[in-house]
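Peer 1: Starting off with a structure, shown below.
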Amino acid sequence: METAVESQKGQPEVFVLVPSYNHLPFIETCLRSIFAQKLQPRKLLVIDDGSSDGSVAVIERVLKDCPFECEFIARENRGLCRTLNEGFAAASSAEYFAYIGSDDLWLPEFLESRSGLLSRRKNAVLAYGHAFLMDENGAIFDSTANYVDSWGNYPDGDAREMLLAGIAPVSSTVVYRRSAVEAVKWNESARLEDYEMYLKLMTRGEFAFDPAVLSVWRHHRYNTSSDRILMLRELLAAQERNRDCLGVSTEELRQIATRTKFRYARMELQYGQKMSAIHLAKESWRGAESAAQLVRFCLRLFVPMSAVNLWRRIRKNYFRSKKINPKEI
């Protein structure tokens with residue numbers, strides 16, 4: 001009988017890392033989505049970064065069902081970027097590296113599709129794509145593919161324009177070429193772990209875009225992404241630290257920051273944070289792409305959140321009607 005290892009001979013080798021931190025309700029679903037990959041990882045490493053919610057016991061139990069080589073490290077809290085660097089250092093013999101947060105999950109074709117794309121695109125430093133959005137109850141309610149006219153307009157090839165606009169791939173959609181990351185590493189003083197990595201990688205090669213939606217980004221109250229002002233502050237600091245690799249002048253960087261701030265003002269308004277949106281817009285209204293966009297922003301200030309929430313419920317119900325069930329993955 002053919003073994004799993006024999007059936008995968010000649011296919012790309014991917015090392016998978018799961019940095020785990022206080023995601024007790026979600027970690028089992030995450031791990032089992034990795035077990036179900038059509039292309040099995042060469043190895044799975046799970047590092048628990050000082051969880052205090054009982055995650056360790058769940059991880060130890062679930063890893064007993066892992067159908068391929070795996071390792072578990074539980075230690076004190078050191079932060080996500082240090083955990084990523086620690087996990088990446090263990091991936092020295094694999095061609096590709098991927099990590100997934102312990103609250104997210106992959107569809108079964110994820111590793112096969114993304115690593116296959118990298119195998120075909122020799123100049124690409126990473127492969128990425130869109131993600132479904134899931135709430136903390138496990139319901140799919142949206143997709144980044146529905147925002148291609150704004151922040152979800154992901155390019156294939158040169159990622160510079162996207163990154164300078166303050167837009168970055170969702171981490172759970174990315175598979176890295178290990179050799180590209182080796183000379184870069186994650187900045188352990190950064191709070192927004194991936195954006196600075198992407199800035200450095202964009203000068204080393206292409207970002208290969210895969211149109212298939214093969215991962216799930218879970219949204220819940222503990223997401224760093226829910227603190228948009230923190231994200232903005234970290235994003236602007238990363239741009240300042242990497243001005244040389246961006247190849248822009250001080251004035252150009254200032255203009256980029258102004259456009260980015262106005263985009264975040266629009267995001268704050270989208271989420272009902274009108275006072276925060278107004279404060280950012282006062283600083284950055286010159287960053288609007290057009291007069292029409294600025295007018296729309298002003299008009300949007302008068303739309304009640306009840307109407308916005310109604311529209312969101314309609315969208316959620318639409319996605320639920322598609323019956324995308326992560327428990328079947």
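Peer 1: Which count do you get for residues in segment 231-286 that are part of a helix (DSSP H, G or I) and either charged (D, E, K, R) or closer than 21 Å to Glu193 by Cα (or both)? Reasoning before the result, please.
Peer 2: Just the residues of segment 231-286 that are part of a helix (DSSP H, G or I), to begin with: 231-241, 243-246, 250-270, 274-286.
Keeping just the survivors that are either charged (D, E, K, R) or closer than 21 Å to Glu193 by Cα (or both) gives 231-241, 243-246, 251-254, 256-257, 259-261, 263-264, 266-268, 274, 282-283, 286.
Final tally of qualifying residues: 33.
Peer 1: Out of (1) open to solvent by less than 50 Å² (accessible area, probe 1.4 Å); (2) β-branched (Val, Ile, Thr); (3) in contact (Cβ under 8 Å) with a residue 40 or more places away in the chain, what's the single condition that is false for Ile229?
Peer 2: Tallying (1) open to solvent by less than 50 Å² (accessible area, probe 1.4 Å); (2) β-branched (Val, Ile, Thr); (3) in contact (Cβ under 8 Å) with a residue 40 or more places away in the chain, Ile229 fails exactly one: (1).
Peer 1: Just give me the residues in segment 253-293 being among the polar types (S, T, N, Q), open to solvent by less than 20 Å² (accessible area, probe 1.4 Å) and in contact with a Ser or Thr (Cβ under 9 Å, 6 or more places away or on another chain), in sequence order.
Peer 2: So the first thing to find is which residues in segment 253-293 are among the polar types (S, T, N, Q), and the list is 255, 258, 260, 270, 273, 276, 284, 290, 293.
Imposing the further condition that a residue be open to solvent by less than 20 Å² (accessible area, probe 1.4 Å) reduces the set to 260, 284, 293.
Within segment 253-293, Thr260, Ser284 meet the criteria.
Peer 1: In segment 168-204, how many are part of a helix (DSSP H, G or I), in contact with a Leu (Cβ under 9 Å, 6 or more places away or on another chain) and more than 23 Å from Asp103 (Cβ to Cβ)?
Peer 2: The qualifying residues number 3.
Peer 1: Take the residues of segment 35-50 that are within 21 Å of the chain's Cα centre (by Cα) and over 28 Å from Ser113 (Cβ atoms): which is surrounded by the fewest Cβ atoms within 10 Å (Cβ to Cβ)?
Peer 2: Asp49
Peer 1: Trp186 versus (1) touching a strand residue (DSSP E or B) at 6+ places or on another chain (Cβ under 6 Å); (2) farther than 27 Å from Asn146 by Cβ; (3) of a type in the set (Phe, Trp, Tyr): which is the lone unmet condition?
Peer 2: Failed condition: (1).
Peer 1: Could I ask something else about it? Filter segment 205-221 for residues that are part of a strand (DSSP E or B) and either under 16 Å from Asn123 (Cβ atoms) or among the basic types (Lys, Arg) (or both); which is nearest to the chain's Cα centre (by Cα)?
Peer 2: Initially, segment 205-221 is screened for residues part of a strand (DSSP E or B), giving 206-218.
Imposing the further condition that a residue be either under 16 Å from Asn123 (Cβ atoms) or among the basic types (Lys, Arg) (or both) reduces the set to 206-210, 218.
Numbers: Glu206: 17, Phe207: 14, Ala208: 15, Phe209: 14, Asp210: 14, Arg218: 10 Å.
Only one residue fits best here, namely Arg218.
Peer 1: For segment 72-108, give me each residue that is part of a helix (DSSP H, G or I) and open to solvent by less than 20 Å² (accessible area, probe 1.4 Å). Lay out the reasoning, then the answer.
Peer 2: Of the residues in segment 72-108, the ones part of a helix (DSSP H, G or I) are 80-89.
Cys81, Thr83, Leu84, Gly87, Phe88 - these are the residues of segment 72-108 that are part of a helix (DSSP H, G or I) and open to solvent by less than 20 Å² (accessible area, probe 1.4 Å).
Peer 1: Name every residue in segment 109-146 that is open to solvent by less than 10 Å² (accessible area, probe 1.4 Å) and aromatic (Phe, Trp, Tyr), in order of residue number.
Peer 2: Of everything in segment 109-146, those that are open to solvent by less than 10 Å² (accessible area, probe 1.4 Å) and aromatic (Phe, Trp, Tyr) turn out to be Phe110, Tyr128.
Peer 1: To continue, here is another question. When both residues are 6+ apart or on different chains and their Cβ atoms are under 7 Å apart, which pairs have a first residue that lies in segment 90-111 and is under 16 Å from Ala36 (Cα atoms), and a second that is among the charged types (D, E, K, R)?
Peer 2: Listed pairs, sorted by first residue: Asp104/Arg218; Pro108/Lys38; Glu109/Lys38.
Peer 1: Filter segment 160-184 for residues that are within 21 Å of Ser115 (Cα to Cα) and open to solvent by less than 20 Å² (accessible area, probe 1.4 Å) and give the result.
Peer 2: Residues of segment 160-184 within 21 Å of Ser115 (Cα to Cα): 168-184.
Listed by number, the residues that qualify are Pro169, Val170, Ser172, Thr173, Val174, Val175, Tyr176, Ala180, Val181.
Peer 1: Among the numbered criteria (1) within 19 Å of Val14 (Cβ to Cβ); (2) open to solvent by less than 40 Å² (accessible area, probe 1.4 Å); (3) of a type outside the set (D, E, K, R), which single criterion is violated by Gly157?
Peer 2: Result: Gly157 passes all but (1).
Peer 1: Go through (1) more than 22 Å from Pro41 (Cβ to Cβ); (2) within 17 Å of the chain's Cα centre (by Cα) for Glu161 and report which single condition fails.
Peer 2: Tallying (1) more than 22 Å from Pro41 (Cβ to Cβ); (2) within 17 Å of the chain's Cα centre (by Cα), Glu161 fails exactly one: (2).
The values are calculated or read from the model by the stated rules, or taken from the named source; none is laboratory data. Being a predicted model, the structure only gives us computed values, none of them experimental. Here the Cβ is made from the backbone with ideal geometry for all residues, glycine too, and neighbour counts use every protein chain on show. With ligands, DNA and RNA removed, areas are computed over all heavy atoms of the protein, side chains included. Shrake-Rupley method; radii C 1.70, N 1.55, O 1.52, S 1.80 Å.
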